[in-house]
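What follows draws every value from the coordinates through simple rules; no lab data is involved. This one's a predicted model, so the numbers in the text were calculated from it and none came from an experiment. A quick note on method: Cβ atoms are made from the backbone with ideal geometry, for glycine too, and the neighbour counts reach across all protein chains shown.
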Amino acid sequence: MKTSPLALLLAITAGVAHPAFAGPALDAAQAHIAAVGAGERAVIVRDYSDDARLTWVGGPLDGTYTGPAAIGAVWDKFGAAAGPARVTVMGIDETANPKGATVVATVRFDGKTQVKVRYVLTYRDGKLVNETWQVDPKPAAN
């Protein structure tokens with residue numbers, strides 16, 4: 001049975017048919033989050049553009065960090081404090097257009113301590129350009 005373009009459009013916008021495809025930013029974000037949990041600094045840092053910015057909101061690392069070296073130092077501190085952590089992604093969503101993509105995730109890291117965060121990662125040209133790590137003691141799934 002052939003579906004007309006109009007019927008397909010109506011089904012998609014009504015939520016009846018909603019094919020899920022992971023985009024490259026979603027895949028990159030999931031790998032990045034896993035590397036943070038594992039404390040794999042080299043893997044974490046290679047994702048960033050030269051002028052990337054990390055904004056950490058809440059907790060002892062609260063602040064804004066620019067560039068892979070400064071951001072890598074923050075992840076070193078996090079890794080030392082949290083230790084290797086089991087990562088649970090409680091919700092994740094990607095939005096993309098030709099200029100870039102943003103991934104929003106609710107994540108829990110269980111290591112030496114439990115850290116719950118709202119994570120926003122923005123990619124342009126395949127590189128991580130902006131990252132917000134919001135400590136969120138009571139996260140809701142996306």
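For segment 22-135, averaging the sequence separation of C-alpha pairs within contact (under 8 Å, six or more residues apart) and dividing by the residue count gives a relative contact order of 28 percent.
Cβ crowding within 10 Å, taken as a proxy for footprinting-reagent exposure, orders VAL87, VAL107, VAL43 from fewest neighbours to most as VAL43, VAL87, VAL107. Partners of LYS99 within straight-line reach, counting lysines whose Cα lies under 18 Å from its Cα and excluding those fewer than 8 residues away in the same chain: LYS127. The radius of gyration of the Cα set in segment 22-135, together with its Dmax, comes out at 12.8, 40 angstrom.
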